[in-house]
Amino acid sequence: MSQSSRNWLKQQQRDPFVRLARNHEYRSRAVYKLMEIDRKDGLFRPGQSIVDLGAAPGSWSQYARARVGNTGRIIALDILPMEPLPPVTVLQGDITDAGIYRICLESLAGQMVDLVISDLAPNLTGIRSTDQARSMALAELVYEFSGRVLQPGGGMLIKLFQGEGTDAFRKEISQRFERVVVRKPAASRDHSREFYILARGYDV
Ligand SMILES: C[S@@+](CC[C@H](N)C(=O)[O-])C[C@H]1O[C@@H](n2cnc3c(N)ncnc32)[C@H](O)[C@@H]1O
């Protein structure tokens, strides 16, 4: 095992959110980021229609499924395979691929959605400028996608990495949403540049 794998394993074993997720049968510790934001900002309501981008292994969809209940609807998409999570519609493919993007739109069958949640994170190359550019390109794509599917008043939660382009992105989306706030949940590791932007009140 390489040194970096050993360090990762040590970090996982020490991480309280990893243990909590395991105990509560969530597929990933990432659920605690969504849960904290939901508790603070009240993201979900029964019956909502949600699109979850970058969904695998599926803890956000698990949480959202419980919060929207039987009358809600969730479409989850990831480039990686994801274990079924009925009644969530699971799509596999790269959101930057025009064909998959279209399939995702088509699966909504014209129904507008209440909330787009994106935990999308590009595969890291280690070259900071490249990783930042890829992350911003994904965020722009999620914003564009949201503009097509959100109903008036809808919301969008997007993961970003602090760096070039994030301030401009926040300003850009503020023109189409009534309220835009930044969130850094406790489960988001301190040393990580990761944070979330929550935009609400979509103005079509
Ligand atoms: C941090 S993980 C998401 C964890 C998830 N929110 C959960 O609760 O289980 C980020 C995900 O983004 C996916 N991803 C990255 N780039 C993608 C792309 N271009 N299209 C679709 N999924 C992508 C990765 O495969 C990965 O599963």
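Are any residues in region 49-70 open to solvent by 10 Å² or more (accessible area, probe 1.4 Å) and more than 6 Å from the ligand (Cβ to nearest atom), and if so, which ones?
Gln62, Tyr63, Arg65, Ala66, Arg67, Gly69, Asn70
Name the pairs whose Cβ atoms lie under 6 Å apart, with the first residue in region 121-146 and of a type in the set (S, T, N, Q) and more than 10 Å from the ligand (Cβ to nearest atom), the second open to solvent by 40 Å² or more (accessible area, probe 1.4 Å) and part of a loop (DSSP other than H, G, I, E, B), and 6 or more positions between them or separate chains?
That search, which allows pairs on different chains as well, returns Gln132/Glu164.
One line per residue, one yes/no per condition, for (1) within 24 Å of Ala30 (Cα to Cα); (2) open to solvent by less than 50 Å² (accessible area, probe 1.4 Å):
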{"residue": "Leu120", "(1), (2)": "yes, yes"}
{"residue": "Leu141", "(1), (2)": "yes, yes"}
{"residue": "Gly147", "(1), (2)": "no, yes"}
{"residue": "Gly155", "(1), (2)": "yes, yes"}
{"residue": "Gln162", "(1), (2)": "yes, no"}
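Is at least one residue of region 2-10 in contact with a helix residue (DSSP H, G or I) (Cβ under 9 Å, 6 or more places away or on another chain) and within 15 Å of the ligand (Cβ to nearest atom)? Spell out the reasoning first.
Of region 2-10, the ones in contact with a helix residue (DSSP H, G or I) (Cβ under 9 Å, 6 or more places away or on another chain) are none.
Within region 2-10 (the criterion being in contact with a helix residue (DSSP H, G or I) (Cβ under 9 Å, 6 or more places away or on another chain) and within 15 Å of the ligand (Cβ to nearest atom)), the answer is no, since none of the residues qualifies.
Of all residues in region 80-90, which are of a type in the set (A, V, I, L, M) and surrounded by fewer than 17 Cβ atoms within 10 Å (Cβ to Cβ)? Break it down stepwise before answering.
Step one: filter region 80-90 for residues of a type in the set (A, V, I, L, M), giving 80, 82, 85, 88, 90.
Hit for region 80-90 is Leu80, nothing else.
Would you check if Ile103 is of a type in the set (A, V, I, L, M) and open to solvent by less than 20 Å² (accessible area, probe 1.4 Å)?
Numbers: of a type in the set (A, V, I, L, M): yes; open to solvent by less than 20 Å² (accessible area, probe 1.4 Å): no.
No, not satisfied.
Among residues belonging to region 167-202 that are open to solvent by 70 Å² or more (accessible area, probe 1.4 Å) and in contact with a strand residue (DSSP E or B) (Cβ under 8 Å, 6 or more places away or on another chain), point out the one that is nearest to Ala121 (Cα to Cα).
For region 167-202, the residue satisfying everything is Arg193.
Report yes if some residue within region 149-160 is in a loop (DSSP other than H, G, I, E, B) and within 16 Å of the ligand (Cβ to nearest atom); otherwise report no. Break it down stepwise before answering.
The initial filter retains those residues of region 149-160 that are in a loop (DSSP other than H, G, I, E, B), namely none.
No; the residues of region 149-160 include none that is in a loop (DSSP other than H, G, I, E, B) and within 16 Å of the ligand (Cβ to nearest atom).
Among the candidates Arg189, Arg183, single out the residue that is over 26 Å from Ala98 (Cα atoms) and touching a Lys or Arg at 6+ places or on another chain (Cβ under 9 Å). Explain how you work it out, then say what you get.
On the way: Arg189 fails: touching a Lys or Arg at 6+ places or on another chain (Cβ under 9 Å).
Going through Arg189, Arg183 in turn, just one is over 26 Å from Ala98 (Cα atoms) and touching a Lys or Arg at 6+ places or on another chain (Cβ under 9 Å): Arg183.
Considering only residues that are buried (at least 22 other Cβ atoms within 10 Å of the Cβ) and in a loop (DSSP other than H, G, I, E, B), look in region 27-43 and name the one that is farthest from the ligand (Cβ to nearest atom). Outline the logic, then answer.
To start, the set of residues in region 27-43 that are buried (at least 22 other Cβ atoms within 10 Å of the Cβ) comprises 30-34, 43.
Remaining after also requiring in a loop (DSSP other than H, G, I, E, B): 30, 43.
Details: Ala30: 4, Leu43: 14 Å.
Only one residue fits best here, namely Leu43.
Against the condition touching a residue at least 60 places away in the same chain (Cβ under 8 Å), under 22 Å from Tyr196 (Cβ atoms) and more than 15 Å from the chain's Cα centre (by Cα), how does Val149 come out, does it pass?
Working: touching a residue at least 60 places away in the same chain (Cβ under 8 Å): yes; under 22 Å from Tyr196 (Cβ atoms): yes; more than 15 Å from the chain's Cα centre (by Cα): yes.
Yes, satisfied.
The values are calculated or read from the model by the stated rules, or taken from the named source; none is laboratory data. Computed from a predicted model, the values in this text were never measured in an experiment. A quick note on method: Cβ atoms are made from the backbone with ideal geometry, for glycine too, and the neighbour counts reach across all protein chains shown. Accessible surface areas use protein heavy atoms only, side chains included; no ligands, DNA or RNA. Shrake-Rupley method; radii C 1.70, N 1.55, O 1.52, S 1.80 Å.
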